[in-house]
């Protein structure tokens, strides 16, 4: 995800989120956040491990996704997962900003404009990946 309208300048809140202005979050199908944006290396490693040795999408899983979402027409479950990710980003950012502020004399408090909110209108979804278990029941 990317904060809408944010510039790529490295100055402001990069001490809280080194991927700024992007956020990478791994949300389970239950809506629980497994890995927050504070753990991008672990998320990318997991994605790499899942994709290792595969040169194309698994058609069976694509068909399963299409059947669960009515061909993409009903994305309400995934919209809920995005909301979970946004709430996690907001909470984690606040915790990391507070920790940075208290960590020493060079701690900085991000401006209100730099502080992410869970308001979906403030965000641009750049990409997403659904990891499906073909044996699980539909959401």
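Odds and ends about this structure:
Every residue, every condition in (1) under 15 Å from residue 133 (Cα atoms); (2) out of contact with any helix residue (DSSP H, G or I) (no Cβ under 8 Å at 6 or more places or on another chain); (3) free of Cβ contacts under 8 Å to residues at least 60 places away in the same chain, yes or no:
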site: 35; (1), (2), (3): no, no, yes
site: 41; (1), (2), (3): no, yes, yes
site: 83; (1), (2), (3): no, no, yes
site: 97; (1), (2), (3): no, yes, no
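- Matching helices (runs of 4 or more DSSP H) fully within the range 27-132 where at least 2 residues are at pLDDT below 90 and either under 12 Å from the mean Cα position of the chain (by Cα) or surrounded by 10 or more Cβ atoms within 10 Å (Cβ to Cβ) (or both): 76-102
- Among the residues making up the range 15-24, a single one is buried (at least 19 other Cβ atoms within 10 Å of the Cβ) and either assigned to a helix (DSSP H, G or I) or in contact with a strand residue (DSSP E or B) (Cβ under 6 Å, 6 or more places away or on another chain) (or both): 21.
The values are calculated or read from the model by the stated rules, or taken from the named source; none is laboratory data. As the structure is a computational prediction, the values presented were derived from the model and not from experiment. When we count neighbours, we look across all protein chains shown, and the Cβ atoms used for this are built from the backbone with ideal geometry, even at glycine.
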